[in-house]
1. How many of the residues in the stretch 184-197 are touching a residue at least 24 places away in the same chain (Cβ under 8 Å) and part of a helix (DSSP H, G or I)?
2. Do we have residue 210 as closer than 21 Å to residue 92 by Cα and in a loop (DSSP other than H, G, I, E, B) here?
3. Six or more apart or on different chains, Cβ under 6 Å: which pairs go from a residue in the stretch 160-178 that's without any contact (Cβ under 8 Å) to a residue 40 or more places away in the chain and in a helix (DSSP H, G or I) to one that's aliphatic (A, V, I, L, M) and surrounded by fewer than 24 Cβ atoms within 10 Å (Cβ to Cβ)? Could you list them?
4. Go through the stretch 78-128 and give me each residue that's surrounded by 18 or more Cβ atoms within 10 Å (Cβ to Cβ) and among the acidic types (Asp, Glu).
5. Scan the stretch 204-230 for residues that are of a type in the set (D, E, K, R) and either modelled with pLDDT under 95 or loosely packed, with under 11 Cβ neighbours inside 10 Å (or both) and jot them down.
6. Mind checking whether some residue in the stretch 140-148 is under 13 Å from the mean Cα position of the chain (by Cα), at pLDDT 95 or above and either of a type in the set (Lys, Arg) or under 17 Å from residue 80 (Cβ atoms) (or both)?
7. Here are the criteria: (1) at pLDDT 95 or above; (2) touching a strand residue (DSSP E or B) at 6+ places or on another chain (Cβ under 6 Å). Tell me which single one residue 117 does not satisfy.
Amino acid sequence: MTAPLGLFSTGDRASTTLVPIIGLVGFLSLGPGACTTGVGSGEPGSSGVPHEATASGGEAEGGHDHPDPAGPPVPKVGIANERTPMPGVTTGGKPTEAHLRAARAHGYRTVVSLLDPKDDPSEALLVAELGMRFVSIPISGPNDLTEESARALGEVFAQPDVLPLLLHCRSGNRAGALLALEAFHVEGQGAREALERGLAAGLGSLRPAVELRLGLSDPDADRVDRKRTE
């Protein structure tokens, strides 16, 4: 089921709650166990603001929950190209139902998908059914690798009780790209350090696009190099 989303505020910024106008997968909020859709897809009508649905209907709390370098290891769930680029965060390819159930059994709390939610709406439903939070930040290609999308992921990390977290696309390439940009724009890491995080998370063919956004690539020089190799 899909529906337009409306914004309801209780007056306290920390308890601002998103609610469905018609209904989506349950009540929408910023609490754990949520389902989120429509973040920075670059498509017409995309708001660029995270929307979350939760079975619990809980409200957001203050504080930040960025991955803790001293946190416990994350159990593997078996997805393709599975990586653990930082404590509490697993990246990789698209999970199957069995992978999602394994994630739940291992105590995962959040699933972040970079795929278009229209491609597989059943994932959001299953994640909500399993009691985990689902977040959608559609990244279809280089044009969607924006600071806005990176900050959307940062907003997810900033919510309480989001870890362990599974961040996936189809292969891990887009997951690595977005994680690199989040490290740069949100966490304030240096460009090369942020790139290393992306590579550790599965960044592959999108590396040139990420390097360009991190200021590590000169587009004019790239064009000259391509002409020399043609």
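1. Within the stretch 184-197, residues that are touching a residue at least 24 places away in the same chain (Cβ under 8 Å) and part of a helix (DSSP H, G or I) number 5.
2. Judged against the criteria, residue 210 is not a match.
3. 173/206; 177/145; 177/206
4. 82, 123
5. 218, 220, 222, 223, 225, 226, 227, 228, 230, listed by residue number.
6. Taking every residue of the stretch 140-148 in turn, none turns out to be under 13 Å from the mean Cα position of the chain (by Cα), at pLDDT 95 or above and either of a type in the set (Lys, Arg) or under 17 Å from residue 80 (Cβ atoms) (or both).
7. Of the numbered conditions (1) at pLDDT 95 or above; (2) touching a strand residue (DSSP E or B) at 6+ places or on another chain (Cβ under 6 Å), the odd one out for residue 117 is (1).
Table: residues versus (1) more than 13 Å from residue 177 (Cα to Cα); (2) part of a loop (DSSP other than H, G, I, E, B); (3) aromatic (Phe, Trp, Tyr).
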{"site": "81", "(1), (2), (3)": "yes, yes, no"}
{"site": "94", "(1), (2), (3)": "yes, yes, no"}
{"site": "101", "(1), (2), (3)": "yes, no, no"}
{"site": "104", "(1), (2), (3)": "yes, no, no"}
{"site": "112", "(1), (2), (3)": "yes, no, no"}
{"site": "116", "(1), (2), (3)": "yes, yes, no"}
{"site": "139", "(1), (2), (3)": "no, yes, no"}
{"site": "143", "(1), (2), (3)": "no, no, no"}
{"site": "150", "(1), (2), (3)": "no, no, no"}
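The values are calculated or read from the model by the stated rules, or taken from the named source; none is laboratory data. None of these values were measured; they are calculated from a predicted model. Here the Cβ is made from the backbone with ideal geometry for all residues, glycine too, and neighbour counts use every protein chain on show.
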